[in-house]
Each structure stands twice: as C-alpha cells, then as structure tokens.
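What follows is a single structure, written as structure tokens, with notes after it.
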C-alpha cells in the first residue's frame, strides 16, 4: 500500500482545469495510493533573496516567507520560516520542516533591525496550481516545498536553478516499510513518465530506480527544500515563448581530432536556409558568412579547452550550441595549448607521488622558469634513478589490473599524455639526444615489457580488447628497443642484462 508520495521537478504538466486530468501524473499516482496518503510537491523557487534589501514589517509579514541569516562555525547560514502569529512575548512560526515553533519577540525585532531577518518578496514558483489544488481533494495532505534557485554555498551566493527530477514513493508491505526512488531526466509530465517513446508520443528518458528498506521522504534527499503553506504564495504556470527555427540542426556534427589538432564542422541539409551566420568556440570566431555554408569548415591548430566542449552557431542574435565529438580521447594533451609534461613530472605522477593537476602545474612552472620545483628536488635531488622508474612501472601495472577500468581508461594509462607510453617516449628521445645513456634506456624499456607481460587482466567482457591494447603497446616498446644501438661485447655486465631480458628482444 502506497502511504506517501514526493515529486520534485522544474517542469510539471501544464493544466487548465480544476480537476485532476485522468492522463496526468498526479492522477496516475492518486489512483494507486491510499486515501490517507500524503503528497509532497517540490517546486522551483526562482527569486530568493540571500540578503535583506529593505525594511521588513513583522505585523504585515504574517503568513509570508521570511529568511533568517546567522553565523555557524564561521559560515553564513540561511534559514527560512513563515511567522503565523504574534503574542505578548513570542512569535509563532512554521520552520523549514513544516513544524510549529516559537521565538522571542524581542529577539525577532532585534534581528529585523540588524537586517539578519527579512521578509522575502512573494515567491515565484512554477507548478500546475489547478492540478495541485485538485490533488488536495484526493490526498489526505498536500505539502508544498520550495527549492531555492539561489542559495549560499560556503558563505557565497550561488545561482543554481533546479534541474534535478525526483520521484519518491513510500509504501508498506505488511509491517515492513520501503521507499521506491526514481531519479534522472524525466520531468513530472505524461510525455516523460506515462507515454511510450516514439514520434509524436512520449520522450526518451533515462532514470535510475532503486528501493530503500526504510521510509524516506523527499526532503531527506534534498535538505535545502523549504516547507511553505499554500497560502503564503501562488503557483504560476511557465510561459514558453514561441520557438523559431532550430538552427542548431544546420550543423551535422563538430569533430575534433586531437592528434591532427583540427576541428571539422559539417553541415546538414537544413544549412541551405541559413541567413547570415557565425561560428565560434569559447568566444573566438572560427568562421562566418553572409551566405549559407556548403562545404565543411576545418579549423587548423585547434585545442579543446577544459572550460567548454561546444561549438556555437550564431544566427539572428541567437546562439545554438553543438557538442564537439573527440575522435580519440586518449590523444588529448595533458594541458591544452600548455607545456608538455617532462619525464621527471611523469615519473612522479606515475609513481603516485603527485596528482595529474600537480604534474601539469610543475611542467608549467618548469617551462616558464618561475619558482622552485620543490617536489622534483625532494624526490629526485640531482636526478631520478632506477628505483623511481621501477616504482612508476609497478604502479602502472597495478592500475591496469583494476577491473573497473574501461578500455579507454586502460588505454589512457598506457598511451595517454600522462601515461607510461609518454614517459617511455621521453626516454627514447633522451637516448637519441644523448642526454641519457642508450644502455640505461634499453634497460628501462626491457624491464617495462617484463612487468607488463606479468599483468593479469581480470576476467571481464572487455578482457580480450584490453589484452590487444597491451600487446600492441608492448610491441611498440619492443620496436623501440630494436632501434637502440649499443656495443655490449666489451662490457660483461651489459651482456648479462641482455641475456636476462632475452624475451624483450624477441
């Protein structure tokens, strides 16, 4: 038996009637719920004020939403409440949880005078008010909860409009209570939840559903929700402007090849009707024309930035972004348009002494000659040695045995800009430049092959794909070893090393 329901979404079904629509999500839930069940409806609160903007009159603010700001552990905290009555010495109010409380009248007036307590403007919140009103006749209680679009995060105001969608169904089986939770992309509308997907039918949605062996409420998942009586505000319907042509459809795809450092934008048939247009990335104009495009646009020397992976088409004052597809994620550089990561930084990263971000920072500091690389000096002193290399090789081998790695992540450990292949290439280049002894580089490469050949890949569907990637990488290292020429006959110790690593020459 369903005992409680909780809904949270930025968009609900639009309505124009005072009764529940038989095809709406509200009615679909009500028909499957006990008559004494409660319904919690979370709605987006678009205009919360995180600071007092003027004087507030307590007497005129009964039944209105207020906010109290105070310090807690050195951080400014906001708490919302609704005053309900004023007594001789106390003020009665409803707190964020919907519980009745009292507060000293003297303290309330002092907080108002200090601008620590203020009345909020009438909340702007969007939901189908007629459907909610109709639900009040079918459920024992309908509770409304506001989700503030602007709130304090570590003492700073952050504007983050509601995007989450959540459905919480509490039910009882015998004496046992459980909660079914659905979270993901579907809004609380018939197209998202009640209709089959298809042309002219419902949407294609993605959601996660799971069951908890306990009674859990909507606010347990979203603690920033604030209870508010229905009398304290009025729900509004969203106004959706008429949509013009979707010029984003003019772009077929935008593809970035990180190895070639190119971005190629191809066009669809809809591009033939484009008026004056401009193509940009991260604020930089890539191409523009007064005539519809016919040929693909290729941008040379293109670097994908961490801030954005979208190319934007500008038409008639509107922006139409399209995601950039990357041909090979493993080929992306460690730092776009930044310095290359040298062998020292790679060995520290691969040996788990520093993180990826720190490795890139050290590389940048080395390239610009600013500051001292304390990490390099602390670990390597005058230079790295065999133990540092072995530690890096062993750490990579251990990472490769992680069953949770995807094939792409597996390749990244081997072939990526911060992978072991990058460190090995640095050694090969150093041998060619005679800044490292050829024998030493050969020894490190042979040991790398030996360690990687002992990697035991966990049983999984992608095991053979990973084995192929690993085999291909070892062949690359073995080919490099064949190109490293040195004379071993006059040095017996070198001959013994060559004999030990006989497999590396095969």
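As a summary of the residue check, residue 255 satisfies the conditions (1) closer than 30 Å to residue 332 by Cβ; (2) over 26 Å from the mean Cα position of the chain (by Cα) except for the one numbered (2). Suppose the filter is in a loop (DSSP other than H, G, I, E, B), modelled with pLDDT of 90 or more and over 35 Å from the mean Cα position of the chain (by Cα); does residue 109 pass it? No, not satisfied. Exactly one residue out of 114, 154, 137 is out of contact with any strand residue (DSSP E or B) (no Cβ under 7 Å at 6 or more places or on another chain) and more than 30 Å from residue 38 (Cβ to Cβ): that is 114. Flag: residue 422 does not match the condition of being modelled with pLDDT under 90, closer than 25 Å to residue 328 by Cα and touching a helix residue (DSSP H, G or I) at 6+ places or on another chain (Cβ under 9 Å). When residue 9 is tested against (1) assigned by TED's automatic domain parsing to the domain that holds residue 221; (2) over 35 Å from the mean Cα position of the chain (by Cα); (3) under 21 Å from residue 150 (Cα atoms), only condition (2) is not met. Taking the criterion of being touching a residue at least 24 places away in the same chain (Cβ under 8 Å), under 30 Å from residue 129 (Cα atoms) and out of contact with any helix residue (DSSP H, G or I) (no Cβ under 7 Å at 6 or more places or on another chain), the residues of the stretch 235-286 that qualify are 236, 237, 238, 244.
Which residue out of 59, 114, 96, 79 is more than 27 Å from residue 235 (Cα to Cα) and out of contact with any helix residue (DSSP H, G or I) (no Cβ under 6 Å at 6 or more places or on another chain)?
Working: 59 fails: more than 27 Å from residue 235 (Cα to Cα); 96 fails: more than 27 Å from residue 235 (Cα to Cα); 79 fails: more than 27 Å from residue 235 (Cα to Cα).
When all the criteria are applied, what remains is 114.
The set of residues from the stretch 191-227 being at pLDDT below 90 and not in a loop (DSSP other than H, G, I, E, B) comprises 191, 192, 193, 197, 202.
When residue 7 is tested against (1) surrounded by fewer than 16 Cβ atoms within 10 Å (Cβ to Cβ); (2) under 30 Å from residue 194 (Cβ atoms), exactly one condition is not met: (1). For the stretch 290-309, the set of residues classified as over 18 Å from residue 261 (Cβ atoms) and surrounded by 14 or more Cβ atoms within 10 Å (Cβ to Cβ) consists of 292, 293, listed by residue number.
If the requirement is being closer than 30 Å to residue 208 by Cβ and either modelled with pLDDT under 90 or more than 36 Å from the chain's Cα centre (by Cα) (or both), which of these qualifies: 104, 140, 178?
On the way: 104 fails: closer than 30 Å to residue 208 by Cβ; 178 fails: either modelled with pLDDT under 90 or more than 36 Å from the chain's Cα centre (by Cα) (or both).
Sole residue among the options that is closer than 30 Å to residue 208 by Cβ and either modelled with pLDDT under 90 or more than 36 Å from the chain's Cα centre (by Cα) (or both): 140.
Candidates are the residues of the stretch 320-342 that are at pLDDT below 90 and not in a loop (DSSP other than H, G, I, E, B); the one that is surrounded by the most Cβ atoms within 10 Å (Cβ to Cβ) is 330. Against the list (1) free of Cβ contacts under 8 Å to residues at least 60 places away in the same chain; (2) farther than 19 Å from residue 234 by Cβ, the condition residue 139 fails is (1).
Condition check ((1) surrounded by fewer than 18 Cβ atoms within 10 Å (Cβ to Cβ); (2) touching a helix residue (DSSP H, G or I) at 6+ places or on another chain (Cβ under 9 Å); (3) assigned by TED's automatic domain parsing to the domain that holds residue 97; (4) over 30 Å from residue 71 (Cβ atoms)) across all residues:
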position	(1), (2), (3), (4)
154	yes, no, no, no
178	yes, no, no, yes
202	yes, yes, no, yes
210	yes, no, no, yes
215	yes, no, no, yes
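Among the residues of the stretch 117-131, those identified as closer than 24 Å to residue 27 by Cβ and touching a strand residue (DSSP E or B) at 6+ places or on another chain (Cβ under 6 Å) are 125, 126, 127, 128, 129.
The values are calculated or read from the model by the stated rules, or taken from the named source; none is laboratory data. This one's a predicted model, so the numbers in the text were calculated from it and none came from an experiment. Glycine gets a Cβ as well: all are built from the backbone with ideal geometry, and neighbour counts include every protein chain shown.
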